[in-house]
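Student: The structure is given below, and queries will be raised subsequently.
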Amino acid sequence: MASTSKKWVLGIVVLAFVVPLLKPIFPDAISDYRLFLVSTMIIASIAVLGLNLLTGFNGQFSLGHGAFYAVGAYTAAVLMDQLSVPYWATIPAAAIVCFIVGYLFGLPALKLEGHYLALATFALALAVPQILKYKWLEGLTGGVQGIVLNKPEVPFGLPLSEDQWLYYFCLVVMVILFWAAANMLNSRSGRAMMAIRDQYMAADTMGIDTALYKTVTFGISAAYTGIAGALSASAIAFVAPDSFNIFLSIKFLIGLVVGGIGSLTGSVIGGIFYVLVDNSAQALSQFVKNDLGLPFDLSAYTVFGVLLIAIIYLMPMGIAGGLFMAWRKIRGAR
Amino acid sequence: MAALLEVSGLKAFYGQTQSLYDVGFEIPTGGITTLLGANGAGKTTTLRAICNMVRTDGTVRFDGKNIRGMATEEIVRRRIAHVPEGRGTFTTLTVDENLRIAAYTRRDKQGVRDELDRVFTYFPRLKERIQQQAGTLSGGEQQMLAIARALMLKPRLMLLDEPSFGLAPLIVQEIFRILKRINEEEKVSILLVEQNAALALDLATHAYVLETGRVVMSGPSAVVKNDENVRKSYLGY
Amino acid sequence: MEQFLQQIASGLANGAIYACVALALVMIYVSTDHINFAQGEMAMFSTYLSWQLMTWGLSFWAAFIVAVALSFVMGVVIERLILRPLHNAPVLSIIVVFIGLLAIFNSVAGAIWSYLIKEFPSPFPKSSFGIAGVIGPHQLGVVVVTLVVLGLLFVFFRYTPLGLAMRAAAQNPQMARLVGVRVDWMLALGWGLASSIGAVAGIMVAHIVYLDPNMMAGILLYAFASALVGGISNPAGAVAGGFIVGVLENMVAYAGNQIEKATGIYIIGNGEKLTVALIIVIFVLTVKPAGLFGRVVVKRV
Ligand SMILES: Nc1ncnc2c1ncn2[C@@H]1O[C@H](COP(=O)(O)OP(=O)(O)OP(=O)(O)O)[C@@H](O)[C@H]1O
Ligand SMILES: [Mg+2]
């Protein structure tokens, strides 16, 4: 089982690397626009993975991961804008800054459980845009206007378009991060993380330093989502405070719930899903208006909201988890 | 005398574990019946099963109608009052509120006032503490409040779970005297669960003995009292 | 000095709004242990309902009453339809459902009424109301209306049998069933009331913050802070917390203003209101989870 799924993952990764190279053969199917869309999906997957590490694998809730995404994005943007740091170097920088911020937020979070942690992080998410506009930071952050950046340039004179290069860059970062996460979860530390989630009463007596694990997990989780933020700053070449509102955190939550809480593959599916819905909102709205004749501007969030509730009712394990279970049942029945 | 409550084939479950197996008994109208048994025998569970506070199977007929599976509050509204284990009072509400809550569906304010006065004739101590928070009452007073509140429901059947628990012997006697009066004056039938078997058997007309979720013995309390096993296990002589 | 009084007065007006939303949150919390993250959006939706009714020709107060009544129904329906089946679900599921509701209300309001900011009328006569230089007519009106609503609620919970039943159901649902209280309906009723109170808050504040689908986000955060300051399971505390937080918020901004005037250094001002609320939330949660007043439960052991 483990080896077959490894083969699958390897296959998909290889495919992901090869497909853009086929552009000369299928110029329409593999457009730059589509690659860019896939890049944003990759970024979303990383962000959702960050949230999943915390909520899915460690049992701590967060409705405010948009905050860490914002910190990552702004760290990258400020470094590029003020210090002319190259875009690739902003990734580790964002990771470190977000780890620290996440770790620090994890300290008070130690005292909070369930609804209260959700409340604290929800409050954080609500306050983020305002914090980013703080007057003293204006010199760095550009206040309400935000910061306009340049898109990453294709290095070494490679024969790639900007979007193709961005795609490869994101893909490499994603592969590294997912590989690292998989390894971590398989290690002793990973098992300790999950033991804390499952509230083994023995977690403490097993010699696990629960407080340390929880805060460090908070830090790592924030770092992952922060890296996604940094990548997005490079990809969109723009950051502004109001794009980091509560709804960003809700998107991560949708990714988490759709993909499946506590699933690595699920994080990818969740990320892809919310970007897809977000991008089809226009089409969706058109459909509702023209084809169904309803006088609404249906937004992606209506779909998100309905799905969140529906999934809790129908597939508490998430779509990916649900399908996986169904698949296992079918295979088991044979 | 026709039976007010007929229980037959009653099973009860907590999650996957079964606590009652095929319990059956009858409570005659106007009588006092006691349910004896060791710790964990299923006495509390039986009372809870009657009020549908656990998952059950079987039949519970009250006044000829099967009430099993009805919502607890609907069963109570048919005038079965349950005084739960461990003094069930609303600790943050006052004595007055604790009593009035039991009459909250009633529209006749005068009737409720009369009812209150009558209840206070049984429990004059409560009247003195009418504005006190229930949580600050003494244990015995809380037990009295719980019984008084049950009375406010104008019950036809009262289920009492260890009313003597944790109380001094004098208070216990007082409470039992009151129970007897309630039975006689208010014509309330009573199902009494008690650890203090001697006292319970004195008060009751009928007795059932429960062991690990099954009725193992039943009869008029005078007969049960003289049974050798009962004497050894529950009366201690 | 006059400016200082003004700040206090407008703090009280804001505080009245926070108090209402905080009370709505607490009402749901005490009976279900759930924090309704969608409370603000529900209030926003109710406010749009009243706006819609006004554009259809109803007077302000008629629209107010109809919207508050509709909100009550909306709250009851949400509880019965969506939350009731989940009463045994894990916390995360409940939170996800609340966030789902939040997203639905926000986006549906945007879909129906668009995201364009709208003016919202004030029902209070400009000339005769208020104290010149200290409190404006609308602010005073807000305080009066919310105080009336809070007073009515107090009377309802304190002196009516139904209010008593609701309190009993919140305190001990099992026991409440044993005295014949239909606990499930009490919860639904609680939701309905919370939703109505939210509607009052929304309709009162819309003239100040203008009407748009995101109008309640900041207010919800302040309401959280208020509820926590008052002790999350203490209704009276939530109301007090609302006024405290409302005044505190303005005092902080005022102090920041004075400091900037005196020293030329900007530290804090109106732009940091939400941050102040965030700090209050986290501070209270971690340092004083029982709130300022705690909940005095007298218990004999
Ligand atoms: N909530 C519960 N969950 C699981 N099992 C339970 C629960 N309540 C009771 N039981 C089990 O059901 C059985 C009967 O319990 P019950 O409380 O009815 O006993 P009892 O006769 O009232 O005992 P006691 O005299 O100690 O009050 C016991 O084995 C008990 O462990
Ligand atoms: Mg018992």
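Student: Tell me yes or no: at least one residue of segment B:163-185 is on the phi < 0 side of the Ramachandran plot, among the charged types (D, E, K, R) and within 16 Å of ligand 2 (Cβ to nearest atom).
Tutor: There is no residue in segment B:163-185 that is on the phi < 0 side of the Ramachandran plot, among the charged types (D, E, K, R) and within 16 Å of ligand 2 (Cβ to nearest atom).
Student: Could you tell me which residue of segment A:316-334 is modelled with the lowest pLDDT, considering only residues that are within 14 Å of chain C (Cβ to nearest Cβ) and open to solvent by 70 Å² or more (accessible area, probe 1.4 Å)?
Tutor: A:317
Student: Still on this structure, I have one more. Determine, yes or no, whether residue C:187 is over 19 Å from residue C:84 (Cα atoms), more than 8 Å from chain B (Cβ to nearest Cβ), in a helix (DSSP H, G or I) and touching a residue at least 40 places away in the same chain (Cβ under 8 Å).
Tutor: So residue C:187 fails the test.
Student: I'm checking my understanding of the structure. Among residues of segment B:196-223 that are part of a strand (DSSP E or B) and either touching a Pro at 6+ places or on another chain (Cβ under 8 Å) or open to solvent by 50 Å² or more (accessible area, probe 1.4 Å) (or both), which one is farthest from ligand 1 (Cβ to nearest atom)?
Tutor: Within segment B:196-223, the match that is farthest from ligand 1 (Cβ to nearest atom) is B:220.
Student: Going by the structure shown, is residue C:97 under 26 Å from residue A:288 (Cβ atoms), over 17 Å from the mean Cα position of the chain (by Cα) and at pLDDT 90 or above?
Tutor: So residue C:97 passes the test.
Student: Are there any pairs with C-beta distances below 6 angstrom linking a residue in segment B:144-171 that is open to solvent by 10 Å² or more (accessible area, probe 1.4 Å) to a residue that is within 16 Å of ligand 2 (Cβ to nearest atom) and modelled with pLDDT of 90 or more, with the two at least 6 apart or on different chains, and if so which?
Tutor: What qualifies is B:162/B:193.
Student: Taking the condition within 14 Å of another protein chain (Cβ to nearest Cβ), outside any helix (DSSP H, G or I) and either within 30 Å of residue A:13 (Cα to Cα) or over 20 Å from the mean Cα position of the chain (by Cα) (or both), does residue A:151 pass?
Tutor: In short, no.
Residue-wise test of (1) away from chain C (no Cβ under 14 Å); (2) of a type in the set (Phe, Trp, Tyr); (3) assigned to a loop (DSSP other than H, G, I, E, B); (4) open to solvent by less than 30 Å² (accessible area, probe 1.4 Å).
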position	(1), (2), (3), (4)
A:160	yes, no, yes, no
A:166	yes, no, no, yes
A:179	yes, yes, no, no
A:190	yes, no, no, yes
A:194	yes, no, no, no
A:224	yes, yes, no, yes
A:251	no, no, no, no
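Student: Restricting attention to segment A:75-84, which residues are surrounded by 14 or more Cβ atoms within 10 Å (Cβ to Cβ) and farther than 20 Å from residue A:167 by Cα?
Tutor: The answer is A:75, A:78, A:79, A:81.
Student: Now a separate question. Any idea which of B:44, B:29, B:33 is within 14 Å of another protein chain (Cβ to nearest Cβ) and either more than 12 Å from ligand 1 (Cβ to nearest atom) or not small (Gly, Ala, Ser) (or both)?
Tutor: B:44 is the lone residue from the list that is within 14 Å of another protein chain (Cβ to nearest Cβ) and either more than 12 Å from ligand 1 (Cβ to nearest atom) or not small (Gly, Ala, Ser) (or both).
Student: What number of residues in segment A:226-249 are aromatic (Phe, Trp, Tyr) and in a helix (DSSP H, G or I)?
Tutor: So the count comes out to 1.
Student: For residues that are farther than 14 Å from residue B:4 by Cα, within 16 Å of ligand 1 (Cβ to nearest atom) and of a type outside the set (D, E, K, R), tally how many sit in segment B:179-195.
Tutor: So the count comes out to 3.
Student: Further, regarding this structure: Working only within segment A:125-142, note down all residues that are at pLDDT 75 or above and either assigned to a loop (DSSP other than H, G, I, E, B) or closer than 20 Å to residue C:270 by Cβ (or both).
Tutor: A:126, A:127, A:128, A:129, A:130, A:131, A:132, A:133, A:134, A:141, A:142
Student: Let me ask another. List the residue pairs whose Cβ atoms are under 6 Å apart, where the first residue sits in segment C:249-268 and is under 21 Å from residue C:14 (Cβ atoms), the second is in a loop (DSSP other than H, G, I, E, B) and of a type outside the set (A, V, I, L, M, F, W, C), and the two are 6 or more positions apart or on different chains.
Tutor: Note: pairs meeting the criteria are C:253/C:269; C:256/C:269.
Student: Taking into account only those residues within segment B:56-97 that are basic (Lys, Arg) and within 13 Å of chain C (Cβ to nearest Cβ), which is nearest to ligand 2 (Cβ to nearest atom)?
Tutor: B:87
Student: Follow-up. Hey, does segment B:94-104 have a residue that's touching a strand residue (DSSP E or B) at 6+ places or on another chain (Cβ under 7 Å) and not small (Gly, Ala, Ser)?
Tutor: yes
Student: Related question: Going through C:58, C:53, C:70, C:12 one at a time, which residue ends up being under 16 Å from the mean Cα position of the chain (by Cα) and either over 24 Å from residue A:121 (Cβ atoms) or open to solvent by 30 Å² or more (accessible area, probe 1.4 Å) (or both)?
Tutor: C:12
Student: If you check residue B:56 against the conditions, is it touching a residue at least 12 places away in the same chain (Cβ under 8 Å), touching a Phe, Trp or Tyr at 6+ places or on another chain (Cβ under 8 Å) and open to solvent by less than 10 Å² (accessible area, probe 1.4 Å)?
Tutor: no
Student: Could you say whether any residue in segment B:42-53 is more than 16 Å from ligand 2 (Cβ to nearest atom), over 19 Å from residue B:182 (Cα atoms) and either touching a residue at least 12 places away in the same chain (Cβ under 8 Å) or more than 15 Å from the chain's Cα centre (by Cα) (or both)?
Tutor: The answer is yes, given that some residue of segment B:42-53 is more than 16 Å from ligand 2 (Cβ to nearest atom), over 19 Å from residue B:182 (Cα atoms) and either touching a residue at least 12 places away in the same chain (Cβ under 8 Å) or more than 15 Å from the chain's Cα centre (by Cα) (or both).
Student: Look through segment A:104-141, keep the residues that are among the polar types (S, T, N, Q) and more than 8 Å from every other protein chain (Cβ to nearest Cβ), and return whichever of them is surrounded by the most Cβ atoms within 10 Å (Cβ to Cβ).
Tutor: A:121
Student: Taking residue B:192 as meeting all but one of (1) assigned to a loop (DSSP other than H, G, I, E, B); (2) open to solvent by less than 60 Å² (accessible area, probe 1.4 Å); (3) modelled with pLDDT of 90 or more, write down the number of the exception.
Tutor: Condition (1) is where residue B:192 drops out.
Student: Just checking, how many residues over segment B:92-111 are over 13 Å from residue B:154 (Cα atoms) and at pLDDT below 90?
Tutor: Here the count works out to 5.
Student: Every residue in segment C:155-184 that is more than 9 Å from every other protein chain (Cβ to nearest Cβ) and in contact with a Gly (Cβ under 9 Å, 6 or more places away or on another chain), please.
Tutor: C:155, C:156, C:157, C:166, C:169, C:170
The values are calculated or read from the model by the stated rules, or taken from the named source; none is laboratory data. All of these numbers come straight from a predicted model, not from anything done at the bench. As a convention, Cβ positions derive from the backbone with ideal geometry for all residues, glycine included, and neighbour counts pool all protein chains shown. Keep in mind that these areas ignore ligands, DNA and RNA; they rest on the heavy atoms of the full protein, side chains included. Shrake-Rupley method; radii C 1.70, N 1.55, O 1.52, S 1.80 Å.
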